Amino acid sequence: MAVDLRGHGYKTGSYNKARLKNYIADVETIINEYETKPILVGHSLGCSIIRHIAAKDTYPATILIAPIPPAAIFRKIFIKLILKHPVLSLKSFLTLNMRPWITSRISPRLFFSAILSRERAHKYLQQMQGESFNLFLYDLLRDKTLTSRAAATLVVAAEVDSFFNLKAQKRTAQLLEADFMTAAQVGHDVMLDVDNTRIASEIQAWIKQLR
């Protein structure tokens with residue numbers, strides 16, 4: 001089951017002033033419709049959401065794909081990104097929206113590997129939406145949640161992630177006491193980049209060995 005957060009996809013509302021607690025509530029509403037707890041899978045910001053959910057209740061497993069690291073690591077990365085991309089950072093600050101990061105001429109190489117064609121990268125970027133800058137500023141930079149009641153956790157790191165390098169993703173796995181897997185030759189948007197079916201198969205194999 002894929003979940004649309006408020007202001008995203010087919011979900012009504014606005015993400016402009018959304019906070020992490022709002023997105024957590026959106027996901028928990030869907031989870032509560034099921035009799036049994038599911039395996040939680042998140043990507044990037046989605047990982048932060050499911051980490052908080054798994055800290056409150058028991059789940060069979062959580063899978064974190066290219067996760068935003070906990071605050072202790074993310075603060076340093078956030079500062080480096082601002083210094084490296086000052087124009088994009090300023091636009092996001094002035095609009096309180098992360099959308100400038102997906103509409104820039106450098107966006108294809110921020111989110112995808114150099115192997116993926118620019119044509120496909122632009123196609124995907126056109127379908128992507130912005131995100132609340134407040135959420136990053138006030139929630140993710142202060143996120144210290146490390147506990148989890150999930151029976152097992154897997155961190156899937158994008159090998160050529162332009163936002164979070166392998167060292168940061170390995171450190172995230174260590175802090176969360178999680179298993180670690182590298183998605184070779186792919187960028188931050190793992191599930192849209194090259195060879196995504198192979199990576200999906202490796203994740204499925206990890207799930208099967210839990211049983």
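The values are calculated or read from the model by the stated rules, or taken from the named source; none is laboratory data. The shown structure was predicted, so the numbers you read here are calculated from the model rather than taken from an experiment. Neighbour counts are summed over all protein chains in view; Cβ atoms, including those assigned to glycine, are modelled from backbone coordinates with ideal geometry.
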For this session: Mind telling me which of the residues ILE102, ILE63, ILE77 ends up being under 15 Å from the mean Cα position of the chain (by Cα) and surrounded by fewer than 19 Cβ atoms within 10 Å (Cβ to Cβ)?
Result: ILE77
Exercise. For ALA152, all conditions in the list (1) over 22 Å from GLU119 (Cβ atoms); (2) touching a residue at least 60 places away in the same chain (Cβ under 8 Å); (3) in contact with a helix residue (DSSP H, G or I) (Cβ under 7 Å, 6 or more places away or on another chain) hold save one; what is the number of the exception?
Worked result: (3)
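Only residues that are among the aliphatic types (A, V, I, L, M) and at pLDDT below 95: list them for the range 174-183, please. Steps first, please.
We begin by selecting, within the range 174-183, every residue among the aliphatic types (A, V, I, L, M); these are 175-176, 178, 181, 183.
Selection gives LEU175, LEU176.
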For this session: Might you check whether a residue that is under 24 Å from ASN22 (Cβ atoms) and modelled with pLDDT under 95 occurs anywhere in the range 112-121?
Result: no
Problem set entry | Failed item in (1) outside any helix (DSSP H, G or I); (2) under 17 Å from VAL190 (Cβ atoms); (3) not acidic (Asp, Glu), with ASN16 passing the rest | (2)
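On the given criteria, is SER48 crowded, with 20+ Cβ neighbours inside 10 Å and either touching a Cys at 6+ places or on another chain (Cβ under 8 Å) or part of a helix (DSSP H, G or I) (or both)? It would help to see each step written out before you state the result.
Values: crowded, with 20+ Cβ neighbours inside 10 Å: yes; either touching a Cys at 6+ places or on another chain (Cβ under 8 Å) or part of a helix (DSSP H, G or I) (or both): yes.
So SER48 passes the test.
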For this session: Could you list, in sequence order, all residues of the range 105-124 that are crowded, with 19+ Cβ neighbours inside 10 Å and of a type in the set (A, V, I, L, M)?
Result: LEU110, LEU116, ALA121
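Considering only residues that are assigned to a helix (DSSP H, G or I) and either in contact with a Ser or Thr (Cβ under 9 Å, 6 or more places away or on another chain) or among the aliphatic types (A, V, I, L, M) (or both), which ones fall in the range 94-107? Reasoning before the result, please.
So the first thing to find is which residues in the range 94-107 are assigned to a helix (DSSP H, G or I), and the list is 94-95, 100-103, 107.
Those that are assigned to a helix (DSSP H, G or I) and either in contact with a Ser or Thr (Cβ under 9 Å, 6 or more places away or on another chain) or among the aliphatic types (A, V, I, L, M) (or both): LEU94, PRO100, TRP101, ILE102.
When you look at ALA25, is it surrounded by fewer than 21 Cβ atoms within 10 Å (Cβ to Cβ), free of Cβ contacts under 8 Å to residues at least 12 places away in the same chain and in a helix (DSSP H, G or I), yes or no? Explain how you work it out, then say what you get.
On the way: surrounded by fewer than 21 Cβ atoms within 10 Å (Cβ to Cβ): yes; free of Cβ contacts under 8 Å to residues at least 12 places away in the same chain: yes; in a helix (DSSP H, G or I): yes.
Considered against the rule, which asks whether it is surrounded by fewer than 21 Cβ atoms within 10 Å (Cβ to Cβ), free of Cβ contacts under 8 Å to residues at least 12 places away in the same chain and in a helix (DSSP H, G or I), ALA25 comes out as yes.
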Exercise. Does ASP161 count as buried (at least 19 other Cβ atoms within 10 Å of the Cβ), touching a Lys or Arg at 6+ places or on another chain (Cβ under 8 Å), in contact (Cβ under 8 Å) with a residue 60 or more places away in the chain and among the charged types (D, E, K, R)?
Worked result: no
Seminar exercise, completed: Residues of the range 1-18 being touching a residue at least 60 places away in the same chain (Cβ under 8 Å) and either touching a Pro at 6+ places or on another chain (Cβ under 8 Å) or surrounded by 14 or more Cβ atoms within 10 Å (Cβ to Cβ) (or both), in sequence order, are GLY7, HIS8, TYR15, ASN16, ALA18
Exercise. Hey, among the residues in the range 125-158 that are surrounded by fewer than 14 Cβ atoms within 10 Å (Cβ to Cβ) and among the hydroxyl-bearing types (Ser, Thr, Tyr), which one's modelled with the lowest pLDDT?
Worked result: THR147
Seminar exercise, completed: Here, helices (runs of 4 or more DSSP H) confined to the range 110-211 with at least 3 residues that are under 14 Å from THR62 (Cα atoms) and not polar (S, T, N, Q) are 196-208
For this session: Only one of these is among the hydroxyl-bearing types (Ser, Thr, Tyr) and in contact with a helix residue (DSSP H, G or I) (Cβ under 6 Å, 6 or more places away or on another chain): TYR34, TYR23, TYR59, TYR15. Name it.
Result: TYR23
